[in-house]
Amino acid sequence: KAGDTLTFKALQNYSNGEIARWIGAPDADKPAPQLTVTAADAPAAATTAATATPATPAAVAPASSDDGSSDTLSIVALIVGALGLLAGGAGLAAARKRA
């Protein structure tokens, strides 16, 4: 219900084995996270006229610029893989000649 306060007790585990217990009261050193419930806003359809124009979608921001490092890594991986394939083929051919 609106006005209620929800408390979320949490344990935070660190890689060194330490555990932080976020379970205290609001004034404690490590308080439990709390959320106060509020009443929902009225639906948009109820507050606008029936002849309202539809909202235009916001422009999507372009993704952050890629510096191409993932492309470079992929190309290097393909080259190393091709060299490995050639080395393996040469080794197989040499082994067949000896046999």
Residues with amide H under 5 Å of I23's amide H, sequence separation 5 or more or different chain, H placed in the peptide plane at 1.01 Å from N; which?
A10, A32
List the lysines whose Cα sits under 21 Å from the Cα of K1, skipping any in the same chain fewer than 8 residues away.
K9
Rounded to the nearest 10 Å², the 1.4 Å probe accessible area of R21 is 130 Å²
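The values are calculated or read from the model by the stated rules, or taken from the named source; none is laboratory data. Fair warning: this is a prediction, and the values are worked out from it, not measured in the lab. For the accessible areas, the whole protein counts, side chains as well, though only heavy atoms, and no ligand, DNA or RNA atoms are used. Shrake-Rupley method; radii C 1.70, N 1.55, O 1.52, S 1.80 Å.
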